[in-house]
Structure formats: C-alpha cells, structure tokens
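Take a look at the structure set out below.
The values are calculated or read from the model by the stated rules, or taken from the named source; none is laboratory data. All values reported here derive from a predicted model rather than from experimental measurement. When we count neighbours, we look across all protein chains shown, and the Cβ atoms used for this are built from the backbone with ideal geometry, even at glycine. Accessible surface is based on the protein model in full, side chains and every heavy atom, while ligands, DNA and RNA are left aside. Shrake-Rupley method; radii C 1.70, N 1.55, O 1.52, S 1.80 Å.
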Amino acid sequence: MEAGHWLARARARESIWREWRHELHAHPELAYEERRTAAFVARQLRSFGLEPIEGLAGTGVVAVLEGRGGDGPMIALRADMDALPVAEANTFAHASREPGKMHACGHDGHTTMLLAAAELLAAEPAFSGSVVFVFQPAEEGGGGARRMVEEGFFERFPVRELYGMHNWPGLPAGQFAVHSGPVMAGTERFRIALRGRGTHAAMPHLGKDVVVAGAALVQALQTVVSRQVDPLQPVVLSVTQFHAGHAFNVIPEEAELAGTVRAFAPELFVRIREELERIGKGVADAFGLSLRVEWDEGYPPTINTAAEAARCAEVAAALVGAQNVRREEPPSMGAEDFAFFLQHRPGAYVWIGNGASEGGCLLHSPHYDFNDEILPLGAAYWAALATHVLAA
Ligand code: NI
C-alpha cells in the first residue's frame, strides 16, 4: 500500500483523532495508573473489530491484527500512555483536569497515533503476517516496557522486530529523524550517604562537617566526566539533590546527595561507577567521614538496529520526501524505556517533528502540548511502515 494512500485516509479521519487526543490530554494518568486511558484504548480497539488484551504490566493493552495476505512475520508497534507529575500551565479547553498531572511528553499523541494506525490497518489489512499494537504503561521512570518483558511479552507475542516513535519539539512538523545506532542515552541513578559527627555550629572543631565535605564532593564529582572520560564520549553526571541539616546553628550528622549518569556505551557506566566511588571514598577519608553509595539501574541506552532504521527512513521518505528525513541528527541524552524491548529484538525508535519549541513547548514543560497537525502523518507512518515491512 502506498504511503500516499495512508496519508489520504488519515486526513479524512483527522478531526475525530483530534477529539481522542484532547480527551486523553484532559485526563492524564501517572505511571501504572492509566486505567481510564487503558479503558479508552481497549474500547477504541474493540470498535475496530480487534480483541484487546488488557492488564499487561498492570495497565498495558495489547492487540494483534492478522493480515489478510497469509503467513508472515509478526511485528510490534508501540506507544506509551502515561503522563507526568507536572501542573499544566496551558489554559486551552483540553488542558488537564487533573491537578498536578499533565501529558507534558505527548504520550496522549503517541497513544492516539497508534490507535489511529490500528483503525486504518484494521479497515484494510492488506499485509501478510501480523501487527501487534502495544500500548505500554509507565514509560516515565516506571519501566513499563521492562515489566512487559518480564511478564512474558516475547513469549506471548513472538515478534520479529519492534518499532517506536516519539514526538520531537524543535524538529519541524512534517519531518522525521531516524538514527542508525544510538538514539537515546542510558541512565543510572546514584545516592550517596555521608556520615560525620553533628555538633554546634559555633564549635565545628568538635564535629565532622558533612556539609563542607558534601560541597567538596559535588565539586570533585565534576572531574569524573571532565578528567576521567574520553572527551569524544558523550557522558553526563549531574548531582541533582543535596539534603542536609534542619537548623541554622547545628552542623548536621548526615548528608545525602543524589544524581544521575547518562551515557551510551555500557562500559562507561562501569567506569563511572568506579570513579565516583573512588572519588567519594577519597573525599570522605580526607574529611574523616564515612560514605555509602547506592546505585539504581535506570534505562539502558536505546540503540536502533541499522536494517530496521533504514526501513523506517524509507517509509518516512515516502511520506514527506527524503529531504525531510534527518539521518544525521545527534542522539539525545534523555532516556527511553523502549530500550528494554530493543535488548531482545531488533527495531527502531524514530522522532517525528512536533514543530517549533518556542513558548515553552518543550518535553516535560508545563507549557508543552502535542501538535495535533502531525496526528495524520504519525498514523500514516505507522500504517505505511507495517504494510511496507509485511508486504503481502
Ligand atoms: Ni516521552
């Protein structure tokens, strides 16, 4: 099926899909609480004649569409459904009605585009094999994809490959960015507990000051990236929390620091762990304190496989022209839990331009909104990708 065919079909449905998107935007739900959203998704899927499977990874929804073209591989298209704990600053009619919760990353748009694609494909399943529509919960830090994998996603749906898509503010509407290789960084979180001896602020010589030591440690940790890692390797180490003390006249006994590391190469995480612990131990020793470091594995890096990325680029080019498909865009230091699926199967995760990022339309900003103009393009991309990969 031609890309142009899907785009024409999508344009005819555009106004209805906007309504879906606004409905989802007005009722954002946080990770693993996407009950209303999941029910909406399941209801729509049923209306296309599909039989959604609910309750995967808690609130996830999956539906399989068999092509009419006979046997063939199974592929998955995935969207995320969760919102963020952000208070929406927008005042338009579809703004969040849930205080302190907001679709500030466009997962309302992702859910709508995948539902829209399911609608298009269910009406014309002219492909061989089958398409699995995956609506996953908890992308924002909850690891919904990891939980789906742990609950047997690949045993239940033995897909050959998977595809993902995220809207990208700053990338013009009508463009795609397709990376071959790394697209989103991997993350780890650390927590450092410094323990000294509390004392009167006027008698510091009687204690062991964790505040002065903590300040030195924050400074020293800046040298992990700047002095210990190859400058040609993209790495971020940010200390984002420093908690100590409750009174102006007391030197506290303990301080807690926390932060995040972002990188693409798995071996760099090993190196950074070692360096952070070595420097932390050295600083603690220098100030006569004890130190404990805890690590929390975040998301692995999202690495697109070359053949699948090439297919995505080909389909995107058929829709918007090769000049509007960016192949050399630098990857993002943000993270994405689609990476957990890509640890098991080949696939690719692309960016669809959300338009200008002026006026605070940035991911996770209280001023953000998904761009409705790109709904038909995203839906047509999904449909065209499926029929291209599963050409009957
Ligand atoms: Ni997101």
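All conditions in (1) out of contact with any strand residue (DSSP E or B) (no Cβ under 8 Å at 6 or more places or on another chain); (2) assigned by TED's automatic domain parsing to the domain that holds VAL218; (3) open to solvent by 40 Å² or more (accessible area, probe 1.4 Å); (4) within 24 Å of ALA185 (Cα to Cα) hold for ASP285, with the sole exception of (4). Taking segment 112-136 as the region of interest, how many residues are in contact with a Ser or Thr (Cβ under 7 Å, 6 or more places away or on another chain) and open to solvent by less than 10 Å² (accessible area, probe 1.4 Å)? Total meeting the criteria: 2.
Taking residues in segment 128-151 that are away from the ligand (no atom under 13 Å from the Cβ), and partners anywhere that are open to solvent by 10 Å² or more (accessible area, probe 1.4 Å) and assigned to a helix (DSSP H, G or I), the pairs with Cβ atoms closer than 6 Å and at least 6 places apart or on different chains are ARG146/PHE340; VAL149/PHE340.
Counted as qualifying within segment 1-111 are the strands (runs of 3 or more DSSP E) with 1 or more residues that are on the phi > 0 side of the Ramachandran plot, namely 53-56.
You will find that of GLN241, GLN222, GLN233, the residue that is at pLDDT below 95, touching a Leu at 6+ places or on another chain (Cβ under 9 Å) and open to solvent by 50 Å² or more (accessible area, probe 1.4 Å) is GLN233 and no other. So, ILE75, is that one among the hydrophobic types (A, V, I, L, M, F, W, C) and over 16 Å from GLY144 (Cβ atoms) or not? Judged against the criteria, ILE75 is a match. Against the numbered list (1) open to solvent by 80 Å² or more (accessible area, probe 1.4 Å); (2) over 25 Å from THR187 (Cα atoms), GLY207 comes up short only at (1). For GLY280, indicate whether it is part of a strand (DSSP E or B) and either open to solvent by 30 Å² or more (accessible area, probe 1.4 Å) or not acidic (Asp, Glu) (or both). For GLY280, the condition - part of a strand (DSSP E or B) and either open to solvent by 30 Å² or more (accessible area, probe 1.4 Å) or not acidic (Asp, Glu) (or both) - is not met. Given segment 297-392, what helices (runs of 4 or more DSSP H) lie entirely inside it while holding 1 or more residues that are of a type in the set (Lys, Arg), free of Cβ contacts under 8 Å to residues at least 24 places away in the same chain and not assigned by TED's automatic domain parsing to the domain that holds VAL159? Per the criteria, no element qualifies.
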